[in-house]
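The structure appears right after this line, and notes come after that.
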Amino acid sequence: MTTVATGTAFVVAAVLGAAVYRDASQVGLSPTRWAGIVFGSTAAAVLFRLVVPDVPVPGVLVIAVLGPAVYLLERDDSTHDDTADPTTLPSRSSRPDDDEE
């Protein structure tokens, strides 16, 4: 990996971290934590590629995508959070006429 590619990758990781920081503060999540997770996973993938040049590319991509993917799942869960009801299954209908059977 060249110096230019490494620098570009770290700039992309920093931009992703900044975007997540801004978005997390608007959604109500911990911006520092999530920006760190996203930046950390992306930067770790770049470092793995630098330190171990023979590391498989799919493994590097999985590590790079892990932080943003987990953030998106947490963001979706926090914006569509319904209260949990331990007495019903999620697939069960909430219509009153279904309970009469």
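The figures follow:
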quantity: Estimated D of segment 1-65 in µm² per second, where Rh is the Kirkwood radius over Cα pairs and Stokes-Einstein applies at 37 °C, 0.692 mPa s; calculated: 269 µm²/s
quantity: Residue exposure sequence - LEU61, LEU16 - by fewest surrounding Cβ within 10 Å; calculated: LEU61, LEU16
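We did not get these values from a lab; they are worked out from the coordinates using the rules stated. Everything quoted here is computed from the prediction, not taken from an experiment. Heads up, the Cβs are rebuilt from the backbone with ideal geometry, glycines too, and the neighbour counts pull from every protein chain shown.
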